[in-house]
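A short write-up of the structure that comes next.
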Amino acid sequence: EAAALASQPIPKEAYQNRLDLRDACIFTIDSAESKDLDDAVSVERIPNGYRLGVHIADVSHYVKPHSALDKEALERGTSLYYADQVIPMLPKALSNGICSLNPQEDRLAFSAIMELDNQGVLRSYTFRKSIIRSKVKGVYKEINALLDGTADAALQEKYAEVLDMLPLLNELCDKRLCLRKQRGAPEIETPESKILLNADGICVDVQPRTRGKSECIIEEMMLLANESAARVAKEHALPFVYRVHDLPDPDKMASFAAFITRFGYKIKTEGSKADLSKGINSLLANVQGKPEENLVETIAIRAMAKAVYTTVNIGHYGLSFDYYTHFTSPIRRYPDLMVHRLLERYMAGGRSVNVQSLEDECKHASDMEQLAANAERASIKYKQVEFMGERLGEEYDGVISGITEWGLYVEINENKCEG
């Protein structure tokens, strides 16, 4: 099925029945290694603010319900990003080929067109099936250099068609970050490791992964599209797939509060969402730069509930959104594909869906996501062991990151390896 789809040109009727955005200034921003490009952005200034476009690969056009591709994608639930390889949810002929928003190629998309005011507040949104042609494959590191003024002439030339959009995206991102702070969303950053491999796949270095401004821009723009998709369903009281995140577990919060008193900190463990978030953010601000920073952040994360997929909306505590879903990554997450199909169905006037079947698929997707996350973490741990195994006898500075009845966990400061 994948081979047959990948070899077909885009049919003529697709060009006629879609919003044609091929001349619009649209481009992708991702890591240099990424081959499954499922999101692209565009932005322009309008009289009262901004018009933002988030253009997502139209996977639902290719992967039809109950096809062999669909059954396998549902079974997998997600792509797996190991330290040394990607196991895609969809065959590479789709994930890296006909569905991927590769530069200078016509691609079918599902576009969220949003208007925001001068303060960055979302005012309106519409969803349209579209056809796009990405101007350039943007790379986080390169965009960061353009934003901070360190880019050379070659980079300026590569991004010539989209340079005017970068300050606008940066400006809008700053306003959205201010609004996120005002909403009181918990500001917990988890330290991640970047694994560097040689040609034989052997780990030769482990570095803390850093996030630049372009990563932040893409995250904020995707959050907007995801929130807008969820609002469409909620406003029309339609059955839907939500991404929800419950309040922290009270018992875990009580243990956390007791633990941090040893460092001289206090935190509220009861109250409204806003009170809890305010307390956590205040604590995290206080531990910044202290030796116990990573330890306190890690234990705070463990006290949090896990985000899951469900048809019952309870909001997203971690983002402080009343309505939230996953719309922006249908190449690598099955729930996003479900959301695309539901939106398309509702846009066409359909209403009835089997809610129990949706809920069953949500539960399976949540389970597979957890399985994948555990496997990805294990693969990173494996590569860290491979790296540190060559350094037996060397001394490093570290922080005790956990205590069990049989010993201590220590995290090395310079590369975040833990054991």
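The values are calculated or read from the model by the stated rules, or taken from the named source; none is laboratory data. Given the structure is predicted, the values throughout are model-derived calculations rather than measurements. As a convention, Cβ positions derive from the backbone with ideal geometry for all residues, glycine included, and neighbour counts pool all protein chains shown. Note: accessible area is taken over every heavy atom of the protein model, side chains too, but ligands, DNA and RNA are not part of it. Shrake-Rupley method; radii C 1.70, N 1.55, O 1.52, S 1.80 Å.
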Can you pull out the GluC sites (Glu not before Pro) in the range 231-295 that DSSP calls coil and that have at most 14 other Cβ atoms within 10 Å?
Glu270
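Per the Kirkwood treatment, what hydrodynamic radius in Å, one decimal, follows for the chain from the mean inverse distance over all distinct Cα pairs? Can you show the working numbers first?
Values: mean 1/r = 0.0431 Å⁻¹.
Answer for the chain: a Kirkwood hydrodynamic radius of 23.2 Å.
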Given a cut-off of under 8 Å on Cα pairs at least six residues apart, what relative contact order in percent is computed for the chain?
19 percent
Looking only at the range 38-62, which residues have a backbone nitrogen under 18 Å from a spot 7 Å from the Cα of Glu192 in the C-beta direction?
38-40
Which of Ser134, Ala372, Leu197 sits closest to the plus end of the dipole of the chain, meaning its Cα is farthest towards the positive end, when Lys and Arg get +1 and Asp and Glu get -1 on the C-beta?
Ser134
Using the charge dipole of the chain (Lys, Arg: +1 at Cβ; Asp, Glu: -1 at Cβ; taken about the Cα centre), state which of Trp406, Gly289, Ala112 has its Cα farthest towards the positive end.
Ala112
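Within a Cβ distance under 13 Å of Val385, other residues only, what is the Lys/Arg minus Asp/Glu net charge?
Numbers: positive: Arg377, Lys381, Lys383, Arg391; negative: Glu386, Glu390, Glu418.
It works out to a net charge of +1.
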Testing the spin-label approximation: label points 7 Å from Cα along Cα→Cβ at Ile10 and Ala93. State their distance in nm.
2.0 nm
Once the whole set of protein chains is in place, how much accessible area is left on Thr328, using a 1.4 Å probe, in Å² to the nearest 10?
10 Å²
Counting other Cβ atoms within 10 Å of each Cβ, which GluC sites (Glu not before Pro) in the range 333-419 have at most 12 and sit in a DSSP loop?
Glu394, Glu395, Glu405, Glu414
At the level of C-alpha centres, the distance separating the range 346-402 and the range 202-251, in angstrom, is 15 Å
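Quick one: putting +1 on the C-beta of Lys and Arg, -1 on the C-beta of Asp and Glu, what dipole do you get for the range 157-235 around its Cα centre, in Debye to the nearest 20?
Values: 12 positive and 15 negative charges, 81 e Å.
Here the range 157-235 has a charge dipole of around 380 debye.
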Anchor Lys194: aspartates and glutamates whose Cα lies under 17 Å away (excluding residues fewer than 8 positions away in-chain):
Asp30, Glu33, Asp84, Asp205, Glu215, Glu376, Glu386, Glu411, Glu414, Glu418
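Using the Cα centre as the reference, give the magnitude of the dipole from point charges on the C-beta atoms of the chain (Lys, Arg: +1; Asp, Glu: -1; all else neutral), rounded to the nearest 20 debye.
Values: 51 positive and 63 negative charges, 263 e Å.
Value, rounded to 20: 1260 debye.
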Inter-site label distance for Asp200 and Asp397 at 7 Å from Cα along Cβ, in nm:
3.4 nm
What are the lysines whose alpha-carbon lies under 25 Å from the alpha-carbon of Lys12, with same-chain residues fewer than 8 places away excluded?
Lys64, Lys92, Lys129, Lys135
Most fluctuating residue given options Met338, Met304, Met221, as computed from a GNM of the chain linking Cα atoms under 10 Å
Met304
GNM of the chain, Cα pairs under 10 angstrom: of Ala233, Ala83, Ala285, the biggest fluctuation goes to Ala285
How high is the FRET efficiency between Lys278 and Glu235 when r is their beta carbon distance and R₀ equals 25 Å, given to the nearest 0.05?
0.30
Gaussian network model of the chain, Cα within-10 Å springs - most flexible of Gly389, Gly138, Gly402:
Gly389
Given the whole protein assembly as supplied and a 1.4 Å probe, what does the accessible area of Tyr50 come to in Å², nearest 10?
0 Å²
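On a 1.4 Å probe surface of the protein chains, which of Tyr324, Tyr409 comes out largest in accessible area, and what is the full order?
Sorted by accessible area, descending: Tyr409, Tyr324.
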So how tilted is helix 293-303 from the main axis of the chain? Cα-based, degrees 0 to 90, rounded to 10.
60 degrees
The answer for Gly398, listing residues at least 5 apart or on another chain whose modeled amide H is closer than 5 Å to its amide H, is Asn413
So what's the angle, to the nearest 10 degrees on a 0 to 90 scale, between helix 273-287 and the longest Cα principal axis of the chain?
60 degrees
To the nearest 10 square angstrom, what accessible area does Arg377 show with a 1.4 Å probe?
130 Å²
I'd like the orientation of helix 334-347 relative to the chain: the angle between its Cα long axis and the longest Cα principal axis, in ° from 0 to 90, rounded to 10.
40 degrees
Full-stretch length increase - Gln370, Ala254 - with 0.36 nm per residue and alpha-carbon distance subtracted:
39.3 nm
Counting only protein heavy atoms and a 1.4 Å probe, tell me what percentage of the range 17-82's accessible area is made up of carbon and sulfur.
49 percent
Computed about the Cα centre, the charge dipole of the range 187-291 from +1 Lys/Arg and -1 Asp/Glu charges at the Cβ has a magnitude in debye, to the nearest 20, of 340 debye
